[in-house]
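All remarks here apply to the structure that follows.
The values are calculated or read from the model by the stated rules, or taken from the named source; none is laboratory data. This structure is a prediction, so every number in the text was calculated from the model and none was measured. All Cβ positions, even for glycine, are placed from backbone atoms using ideal geometry, and neighbour counts span all protein chains on display. Heads up: the accessible areas ignore ligands, DNA and RNA and are worked out on the full protein's heavy atoms, side chains in. Shrake-Rupley method; radii C 1.70, N 1.55, O 1.52, S 1.80 Å.
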Amino acid sequence: MTRPSGPPIPPKSSTSPRWQHSLRDAVRDVHELLEILELDPLDTDWLQPGTGEFPVLIPRSFISRMRKGDPDDPLLRQVLPARDEHAEHPGFTQDPLLEIPLAQAGVIEKYPSRALLVTTSACPVHCRYCFRRHFPYETQLASQNDWADALTALKSSPDIREVILSGGDPLSLSNRRLQKLISELETVESITTVRIHSRFPIILPERIDRELLALLRQTRLRTVLVVHCNHANEIDASVRTALLQVSATGTSLLNQSVLLRGINDNVDCLESLSYRLFDSGVLPYYLHRLDRVAGAAHYQVEDTKALQLIADLRTRVPGYLVPRLVQEIPGELSKIPLA
Ligand SMILES: *Cc1c(COP(=O)(O)O)cnc(C)c1O
Ligand code: SF4
């Protein structure tokens, strides 16, 4: 069970939105990435994934926020496939959250009151630590037959108040498809809130276009956007502007990060990230302990260190800028605080 070999490349057309052009133009080759960053291939511990594996995908706007000539750049480290991806590590598995058997027509109902829809396999970037890097998207997409089975499942669960659009990245869908899905959700009386889990606003802020903002403003549902940002350097002026525009639609903005070795596992980094997010209208929500997915062991931070980091952060920033340090334990009814 491997992911499809990368997001569908949208057809060329001068009328397609700018973000689709940027995605088509994204870097898909490690050599090209290293060349842009003026890095000697011998200076980094990289590997070009084989065909059928989780491929490389990095939009140029994200690369432009990396430091040239620095093999330890925290943005680069998130997307550069390392030789260690192929090492076997005990406890690191294909489906660490035991989600694959739970997915029914692309709907994952793990927790009471909210359901998660796997809307698409496509992402704006491929993060090497992704816990869904082995998810069988081919057979588990809610978008099959235009959401019909997913909606039927939601209608038969009246305790579901909130629908979480996830993936992949739900903002890979066109505005027209998102509009259709949200209109369908609006017809289900018990649903009050639609939440979007997306890395697009951080990776390709041009995705936040006028149509999408209008869609967020006009729906009867409460809207929540949970972005995914791990380091303050990911937020440049264009990202900040896009986030503030989303905030102006009345959408609640939250961030989730993953605690990653060598990337954000120090208190200065976490402090800068919290302040930078807040300055862009976003509150820190979760700091996830790395899920133990095969290929990501080299990103793992020890639990004692994670707890110490959060304790230190609490002494530096207001309480509302301290993310909840959580882990996912299969079978539990919520994310579990690390203790
Ligand atoms: C994380 C997650 C949610 C949302 O949990 P919150 O604590 O509400 O953010 C819902 N469904 C699934 C399957 C999840 O993994
Ligand atoms: S954007 Fe999210 S879902 Fe996509 S590869 Fe990165 S972590 Fe995984």
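Surface listing: Leu116, Leu277 arranged by accessible area from highest to lowest gives Leu116, Leu277, probe 1.4 Å. Taking the accessible area of the chain, probe 1.4 Å, and keeping the other protein chains in place, the carbon and sulfur fraction comes to 52%. For region 17-29, 3J(HN,Hα) computed residue by residue from phi via the Karplus equation (6.51, -1.76, 1.60; θ = phi - 60°) reads x, 4, 5, 6, 4, 4, 5, 5, 8, 5, 6, 10, 9 Hz, glycine and proline entered as x. Dividing the helix sum by the residues of the chain, where each DSSP H run of 4 or more adds -39500 (n - 2.57), gives a mean residue ellipticity at 222 nm of -7500 deg cm²/dmol.
Between Asp149 and Thr187, the distance separating the two model label sites (each 7 Å from Cα on the Cα→Cβ line) works out to 1.9 nm. When only Cα pairs below 8 angstrom with a gap of at least 6 residues are kept, the chain shows a relative contact order of 17 percent. Using the Cβ-Cβ distance between Glu38 and Thr15 with R0 set to 45 Å, the FRET efficiency from 1/(1 + (r/R0)^6) comes to roughly 0.80.
Of the peptides 259-266, 154-161, the order by per-residue mean of other Cβ atoms within 10 Å, starting with the highest, comes out as 259-266, 154-161.
Solvent-accessible area per residue in the chain equals 43 Å², computed with a 1.4 angstrom probe and all protein chains kept. Projecting the Cα atoms of Thr249, Ala82, Val163 onto the charge dipole of the chain (Cβ charges, centred on the Cα centre) puts Thr249 farthest toward the positive pole.
In the chain, how many lysine pairs have Cα atoms under 20 Å apart, counting only pairs 8 or more places apart or on different chains? Qualifying lysine pairs in the chain: 4. Inter-part distance, region 54-105 to region 277-299, computed on C-alpha centroids, equals 12 Å. Modelled spin labels at Gln94 and Asp312, positioned 7 Å past Cα toward Cβ, are 3.9 nm from each other. Computed from point charges on the beta carbon alone (+1 for Lys and Arg, -1 for Asp and Glu), the dipole magnitude for the chain about its Cα centre is near 1080 Debye. Full extension of the segment from Arg24 to Asp72, taken as 0.36 nm per residue of separation minus the current Cα-Cα distance, would add 14.6 nm.
For the options Pro112, Pro284, Pro81, a Gaussian network treatment of the chain with springs between C-alpha atoms closer than 10 Å singles out Pro112 as fluctuating the most. 3J(HN,Hα) along region 158-170: x, 7, 7, 9, 10, 10, 9, 8, 9, x, x, 10, x Hz, from the Karplus curve 6.51 cos²θ - 1.76 cosθ + 1.60 with θ = phi - 60°, whole Hz, x for Gly and Pro.
One chain, two ends: Arg222 and Tyr320. Fully extended at 0.36 nm per residue, the span grows by 33.2 nm beyond their Cα-Cα distance. Per-residue 3J(HN,Hα) values for region 322-339, derived from phi via the Karplus relation 6.51 cos²θ - 1.76 cosθ + 1.60 with θ = phi - 60°, read 9, x, 7, 7, 10, 9, 9, 10, x, x, 7, 8, 7, 5, 10, x, 6, 9 Hz in sequence order (x marks Gly and Pro).
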